[in-house]
Amino acid sequence: MTRPFHLAIAAVAAAVALPLAAQQVHGINPADMDTGAKACVNFFQYADGGWIKAHPVPPEYPRWGTFNVLAEENRDKLHGILEALAARKDLVAGSDERKLADFWNTCMDEKAVEAAGAKPIEPELARIAAIKTPAEFQAEVARLQAGGVRVLFGFGSEQDRKNSDEVIASLRQGGLGLPDRDYYLNDDARSKQIREKYAQHVARMFELLGDGAAQAKAEAATVLALETDLARISMARVELRNPDNTYHRLATAELAKLAPDFDWPSYFRAQETPAIASLNVAQPEFVRGVGALLAKLPLDQWKTYLRWHLVSWAAPELSSPFVDESFDFRGKVLQGTEKIQERWKRCVGATDDQLGFALGRLWVEKYFPPEAKKQADELVKNLIAALRADIETLDWMSPATKQAAVAKLDAFTPKIGYPDKWRDYSSYRVGTDSYLANVQRGDQYEFRRMIDKIGKPVDRTEWYMTPPTVNAYYSPSRNEIVFPAGILQPPFFDPKADPAVNYGAIGAVIGHEMTHGFDDQGRKFDAHGNLKEWWTPQDAKNYAARAACVEKQFDAYEVQPGLHENGKLVLGESIADLGGLTIAHMAYERSLGGEKPPVIGGLTADQRFFLAFARVWSGAARPQFEQMQVKVDPHPAMQFRAIAAPSNMPAFAVAFGCKPGDPMVRAERCRIW
């Protein structure tokens, strides 16, 4: 097929030949591109091919991209903070700084961890072995869950979806050792192979606990059969995406009818919950099924199941035989990762997991200046204004729905950089006795923090991500968009880059999170975060038709030969990518005020805008990781995120001189916003 209109591409290619001194330090780096590719044919390769060639996936990662590089830079800074704390002798007992230092020191004390072997979990193993009655089994389930071991089902708290000012208890499906129910139920060759390797992995873990080979093999078969039973009664990922499917507020008396063989009052007492009159039972059929399994399966099988989940949870924090066995399956088999990360990297991650806001506060003080927060806040305001203007001009939405949509947009709460109120870790005891003990106490602290919310008003100041995190999120129940300081850095956000680059990168990220408020899930929540229908029937129908276009587009993307994206699973993220980039481009054009932007490095402003967007998605993944991602992740693969939204936008075709028939010009253009 011939590819005309190469003039714009040739102009961009010329930028690669500029001497190093003339290249932009803050903006688009020509070395990241592959101008041997054609923007209108394969924009991902064109925009990111140079970067990908220069940055192969390191052996200790399942995928590698822009997010990973920035996360590594942030981790290096966190490492420096922790090392400095560990060297200090003046830290006050009980202070956050002392807790950080003690947690870090116990994690890094590899000699003590190796000497301990499995001793840190022996008391819990003894409790499991001593179980003789169903009541004792249920008490151990409660105990393990409170300590971070995810057995049988999930229990915690959440905002009530139809009264978003209230926190209620929640019960949800869980208890699996593999990433998703489909790993147990699918009959394709890859799933069968993983089940076989999983059984071998479980058996090897039991052998590390001292069981004979034959016994361990039999125990692994018991675990796989029991978890397969749990998988059969679990809801599929696509079903879980619909918030209507997972909201069932029931009185505790109704819960007792679902699973009469489980003593719920005793369970709630064991978890020291406030009085619970009702709760959200996210998947009633799962709870009913669990009740039936408890009545059907022998107690010894359940004890084997608990024993497995305890050692699986603890393995990454135990001695090297357990660490290596855990990594061999969860890293190598499931994700294709070739090498385990250095201990210090794992310890930084563990410290961030357990004391992330204490560590993040120190990171913010050192690495996130107030002016960066101010500039990011201004970008958010501009994006909100652009989306408001767009909603008001939509030809497929009625005035009534437009009014409600604008009201929801105006109620958005943007959170930038870091929380105004830092988390209180005073009840989390961090000692010098044992690394695993510190992890367990941290999990207990978090569980207790979640349970103590039940029956109280929602704390809308709370953050779900720590400040150094390279990510962002939208919460439908809080109607808030949150951008941690970790992502407000180059190449996502660079105060020294030109506006086209920042709008294409962080602007699209901001727009993405905003659009989540109106994606196939978020659109079901109103301005105050309540699950409520606020669309007219015709507008909802119009929206569904437009969303179906995006679903169809992603169904056609082939990740590997014969392996396609699941359009239904990735629909929300894909709608947000399309809406986010569209709104970011509108906001950028509005920011120009009618002025013509400059050409920089041979690139027009719109070319820089779309290249900056694609640069966010630079990267590659291992085949095993891609296979797992397609099954469990609502985010599409990076290469499709880079091309899908631009291919729907006429501005992209104009910017790069594309014409109808080119792969980056869709015959069926998807458009929502």
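Mind listing whichever residues of segment 520-575 are acidic (Asp, Glu) and closer than 27 Å to GLU480 by Cα? ASP520, ASP526, GLU533, ASP539, GLU551, GLU573, listed by residue number.
Looking across segment 165-192 at every residue that is in a helix (DSSP H, G or I) and among the charged types (D, E, K, R), the one that is surrounded by the fewest Cβ atoms within 10 Å (Cβ to Cβ) is identified as LYS192. Consider segment 91-123 and keep the residues that are assigned to a helix (DSSP H, G or I) and surrounded by fewer than 16 Cβ atoms within 10 Å (Cβ to Cβ). The one that is nearest to the chain's Cα centre (by Cα) is GLU110. Within segment 275-295, residues that are among the charged types (D, E, K, R) sit with their Cβ atoms under 6 Å from residues that are assigned to a helix (DSSP H, G or I), at 6+ positions apart or across chains, in these pairs: ARG288/LEU258. What are the residues in segment 413-433 that are crowded, with 20+ Cβ neighbours inside 10 Å, assigned to a loop (DSSP other than H, G, I, E, B) and not hydroxyl-bearing (Ser, Thr, Tyr), if any? The one that is crowded, with 20+ Cβ neighbours inside 10 Å, assigned to a loop (DSSP other than H, G, I, E, B) and not hydroxyl-bearing (Ser, Thr, Tyr): VAL430.
Consider segment 126-164 and keep the residues that are of a type in the set (Asp, Glu) and outside any helix (DSSP H, G or I). The one that is farthest from LEU178 (Cα to Cα) is ASP160. Pull up segment 529-550, narrow it to residues that are closer than 13 Å to CYS670 by Cβ and touching a residue at least 40 places away in the same chain (Cβ under 8 Å), then point me to the one that is surrounded by the most Cβ atoms within 10 Å (Cβ to Cβ). Once the filter is applied, the top-ranked residue is VAL550. For segment 428-482, the set of residues classified as more than 29 Å from ASP577 (Cβ to Cβ) and among the small types (Gly, Ala, Ser) consists of GLY431, SER434, ALA437, GLY442, GLY455, listed by residue number. Of all residues in segment 448-491, those satisfying the criterion of being closer than 28 Å to ARG615 by Cα, assigned to a loop (DSSP other than H, G, I, E, B) and in contact with a Ser or Thr (Cβ under 8 Å, 6 or more places away or on another chain) are TYR464, PRO491. Among the residues here, GLU573 qualifies as surrounded by fewer than 24 Cβ atoms within 10 Å (Cβ to Cβ), in a helix (DSSP H, G or I), of a type in the set (Asp, Glu) and within 18 Å of the chain's Cα centre (by Cα). Checking LEU436 against (1) closer than 30 Å to SER278 by Cα; (2) assigned to a helix (DSSP H, G or I): exactly one of these is not met. Which one? Among (1) closer than 30 Å to SER278 by Cα; (2) assigned to a helix (DSSP H, G or I), the lone unmet condition for LEU436 is (1). Taken over segment 399-412, the residue count meeting the criterion of being of a type in the set (D, E, K, R) and either touching a Gly at 6+ places or on another chain (Cβ under 8 Å) or outside any helix (DSSP H, G or I) (or both) is 1. Taking (1) closer than 29 Å to MET628 by Cα; (2) among the polar types (S, T, N, Q); (3) surrounded by 19 or more Cβ atoms within 10 Å (Cβ to Cβ) in turn, GLN560 satisfies each apart from (3).
Mind listing whichever residues of segment 211-234 are surrounded by 17 or more Cβ atoms within 10 Å (Cβ to Cβ), farther than 15 Å from LEU306 by Cβ and of a type in the set (Ser, Thr, Tyr)? Hit for segment 211-234 is SER234, nothing else. Kindly evaluate ASN68 against the criterion of being within 30 Å of ILE340 (Cα to Cα), surrounded by fewer than 21 Cβ atoms within 10 Å (Cβ to Cβ), of a type in the set (S, T, N, Q) and touching a residue at least 24 places away in the same chain (Cβ under 8 Å). Taking the combined requirement at face value, the residue satisfies it.
Scanning segment 27-44 for residues that are buried (at least 19 other Cβ atoms within 10 Å of the Cβ) and either in a helix (DSSP H, G or I) or under 27 Å from the mean Cα position of the chain (by Cα) (or both) yields PRO30, ASP32, PHE43, PHE44. For segment 452-464, does any single residue satisfy the condition of being touching a helix residue (DSSP H, G or I) at 6+ places or on another chain (Cβ under 9 Å) and within 29 Å of GLU573 (Cβ to Cβ)? Checked against the condition, which is being touching a helix residue (DSSP H, G or I) at 6+ places or on another chain (Cβ under 9 Å) and within 29 Å of GLU573 (Cβ to Cβ), segment 452-464 yields at least one hit. For segment 467-519, name all the residues that are of a type in the set (Lys, Arg) and farther than 20 Å from ASN530 by Cβ. The one that is of a type in the set (Lys, Arg) and farther than 20 Å from ASN530 by Cβ: LYS496.
Return the pairs, sorted by first residue and then second, in which the second residue is surrounded by 12 or more Cβ atoms within 10 Å (Cβ to Cβ) and of a type in the set (Phe, Trp, Tyr), the first residue lies in segment 183-194 and is in contact (Cβ under 8 Å) with a residue 40 or more places away in the chain, the beta carbons are less than 8 Å apart, and the residues are 6+ apart or on different chains. Partner pairs satisfying both residue conditions: TYR183/TYR198; ILE194/TYR183.
The listed residues are GLU565, GLU595, GLU626, GLU589, and the only one of them that is buried (at least 19 other Cβ atoms within 10 Å of the Cβ), out of contact with any helix residue (DSSP H, G or I) (no Cβ under 8 Å at 6 or more places or on another chain) and at negative phi turns out to be GLU626. Within the span defined as segment 57-70, one or more residues are within 30 Å of ARG666 (Cα to Cα) and assigned to a helix (DSSP H, G or I). Regarding segment 512-528, can at least one residue be identified that is surrounded by fewer than 18 Cβ atoms within 10 Å (Cβ to Cβ) and among the charged types (D, E, K, R)? So far as segment 512-528 goes, no, none of its residues is surrounded by fewer than 18 Cβ atoms within 10 Å (Cβ to Cβ) and among the charged types (D, E, K, R). Within segment 522-547, being in contact with a helix residue (DSSP H, G or I) (Cβ under 8 Å, 6 or more places away or on another chain) and closer than 19 Å to ARG641 by Cα holds for one residue alone: ALA547. Would you point out the residue of segment 345-368, among those that are hydrophobic (A, V, I, L, M, F, W, C) and within 23 Å of ASP420 (Cβ to Cβ), that is surrounded by the most Cβ atoms within 10 Å (Cβ to Cβ)? Among residues in segment 345-368 that are hydrophobic (A, V, I, L, M, F, W, C) and within 23 Å of ASP420 (Cβ to Cβ), the one surrounded by the most Cβ atoms within 10 Å (Cβ to Cβ) is LEU359. Among the numbered conditions (1) touching a Lys or Arg at 6+ places or on another chain (Cβ under 6 Å); (2) farther than 16 Å from ALA642 by Cα; (3) of a type in the set (Lys, Arg), the only one that LYS38 does not meet is (2).
Annotation note: of ILE487, ILE454, the sole residue that is over 20 Å from the mean Cα position of the chain (by Cα), surrounded by 18 or more Cβ atoms within 10 Å (Cβ to Cβ) and β-branched (Val, Ile, Thr) is ILE454.
Coordinate-derived values only; no laboratory data. Keep in mind that this is a model prediction, so the values were computed, not measured. Heads up, the Cβs are rebuilt from the backbone with ideal geometry, glycines too, and the neighbour counts pull from every protein chain shown.
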